[in-house]
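Report on the following structure.
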Ligand code: TEU
């Protein structure tokens with residue numbers, strides 16, 4: 001059963017934009033981005049054409065994990081502003097037809113959350129059971145060998161003589177999702193935010209909330225889907241909102257459990273298989289395996305196929321945890337503009353809801369800091385300590401961090417070629433990438449050939465064309481090592497998307513029987529208005545041709 005396109009939810013036609021508030025726009029000169037800064041840039045976002053913003057956490061937090069360690073879900077961190085600013089942001093965004101999607105981080109809280117402070121104070125505390133406590137193993141060590149994503153054991157011994165669980169930093173204790181009172185309080189908090197007028201939630205590591213710790217099961221646990229369903233019933237029922245679950249463990253086989261239309265769970269999930277596919281080596285993301293386009297396409301094609309009739313895909317190359325797309329997959333040097341446009345073209349014309357990570361629309365690149373002192377991210381700093389203690393040299397660690405540290409995505413948004421890229425009048429909390437002199441929004445806003453203009457066009461095309469939103473997806477040349485190509489079809493109308501994923505000229509033999517005549521919808525090179533059975537593609541060339549309905553072949 002396909003989707004009823006006339007009654008499809010708003011978020012199937014929208015493009016999302018992720019803001020990392022700390023690095024987007026500072027309004028008061030303290031070097032940290034804030035809500036008023038975001039409000040001052042809403043016209044920029046409206047000009048880009050996006051439908052909603054996913055706002056990384058702005059709640060009260062000691063900022064050990066830059067806001068993913070929340071100490072009060074119903075308060076705004078003072079460095080970001082006030083609840084009044086938040087209400088204004090929601091209203092001013094809404095006035096521009098932009099929804100605000102909050103980040104829901106409920107696998108864990110900060111160790112400074114009042115609940116944890118109460119829980120750790122005594123074994124008999126009423127909220128003791130809101131977190132996960134276990135007695136030491138017979139040798140006094142941790143209860144089992146669960147490891148933290150940020151390095152080291154996932155258990156820390158507390159003054160009470162018991163260990164508490166933290167799948168991330170030790171300052172991020174895991175909530176105990178087996179406790180119904182805790183769950184009810186999270187649901188109440190979510191309703192409270194929905195009532196303030198937000199458009200939805202992005203749900204941090206949501207695949208962890210069904211865990212069975214004693215059996216060593218963390219992701220995709222036995223209770224997971226019951227808990228998501230219970231959460232949605234208690235909070236989102238009857239509201240027209242979008243929910244996106246972050247699910248590193250999801251596979252094409254499990255995807256519909258989260259987002260199948262009859263499941264009562266989520267609108268869509270973020271899946272990471274196209275990224276983790278290259279993290280399988282002994283040092284994981286710190287020394288990724290060589291990129292292989294055929295494998296990459298295979299992963300994405302499988303996701304397109306898995307959610308072709310039911311469920312919905314999210315589409316993204318980057319976020320605040322990942323390297324900059326143009327650094328990871330394109331060429332931030334010689335071919336920055338063209339490769340950034342190529343990546344955008346391939347992503348935005350697939351089926352699903354695309355997400356732009358702040359600065360991606362300018363072609364922003366990894367900072368690749370040359371010294372550990374320049375890094376701020378808890379994961380990078382923890383891993384640096386563990387890996388250098390294990391004998392790795394500083395230089396070797398830094399080489400990996402230049403590729404994969406989360407801080408590559410977290411340098412300030414580049415608004416101008418001036419001081420601190422126009423991000424702040426003060427000293428930024430993390431270094432600005434020196435390339436802001438060439439790469440910045442001011443230089444691109446009125447340039448029709450800019451990366452920014454290309455994103456604007458792609459986002460507008462999606463708003464206008466059902467073919468892009470709902471058309472079926474068929475991979476073309478899946479085995480070609482350099483070309484990413486696919487076709488979209490809806491009611492006899494078709495779109496062919498062809499992209500050279502490399503900095504070399506390549507030749508492409510198209511499968512026989514394809515329509516050749518078309519109209520160029522978008523390109524990053526010279527216009528083409530037809531396909532040839534054999535074509536030479538320029539470095540990073542990407543274009544889309546629209547084929548009008550061919551009367552005898554109409555299928556509706
Ligand atoms: O990320 C989940 C997560 O597992 C990442 O930390 C990821 O595994 C890591 O970057 C890869 O090395 C979410 C948030 O997006 C992230 O910013 C938070 O730090 C994390 O959860 C904890 O809340």
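No lab work stands behind these numbers, since they all come straight from the coordinates. Being a predicted model, the structure only gives us computed values, none of them experimental. Because the Cβ atoms are built from the backbone with ideal geometry, glycine has one as well, and the counts that use them run over all protein chains shown.
Among 11-20, 466-475, the peptide with the highest mean count of other Cβ atoms within 10 Å heads the list, and the full ranking is 11-20, 466-475. Centroid-to-centroid, using Cα positions, segment 386-400 and segment 419-476 are 34 Å apart.
Assuming a ≥ b ≥ c are the square roots of the Cα gyration tensor eigenvalues, decide whether segment 114-165 counts as rounded (a/c under 1.5), prolate (otherwise, with a/b larger than b/c) or oblate. Let's see the in-between values first.
Values: a/c = 2.60, a/b = 1.51, b/c = 1.72.
Because a/c hits 1.5 or more and a/b fails to exceed b/c, segment 114-165 counts as oblate.
Counting only DSSP H runs of at least 4 residues, each contributing -39500 (n - 2.57), and dividing by the residue count of the chain, the helix-based mean residue ellipticity at 222 nm comes to -7500 deg cm²/dmol. Convex hull of alpha carbon positions in the chain: directionally averaged projected area 25.3 nm².
Ranked from largest, the principal axis spans of the Cα set of segment 39-126 equal 54, 22, 21 Å. Relative to its residue count, segment 470-547 spans a Cα convex hull of 84 Å³ per residue. Relative intensity of segment 339-387 on a log10 scale, I(q)/I(0) at q = 0.17, 0.30 Å⁻¹, equals -0.70, -1.14, per a Debye sum over C-alpha point scatterers of equal strength in the absence of solvent. Which of rounded, prolate or oblate describes segment 403-456 when judged by the alpha-carbon gyration tensor and an a/c cut-off of 1.5? It comes out oblate by the Cα gyration axes. I need to check one value: relative contact order of the chain, counting alpha carbon pairs closer than 8 Å and at least 6 residues apart, in percent. Answer for the chain is 13 percent. For segment 520-546 versus segment 311-384, the spacing of their alpha-carbon centroids is 24 Å. Taking the longest Cα principal axis of the chain as reference, the axis of helix 378-389 is set at about 80 degrees.
Rounded to the nearest 10 degrees, the angle from helix 394-404 to the longest Cα principal axis of the chain is 60 degrees. Computed from Cα positions, the angle between helix 336-348 and the longest principal axis of the chain comes to roughly 80 degrees. Segment 1-56 and segment 71-124 have their alpha-carbon centroids 18 Å apart.
The alpha carbons of segment 117-255 stretch over 52, 37, 23 Å along the principal axes, in descending order.
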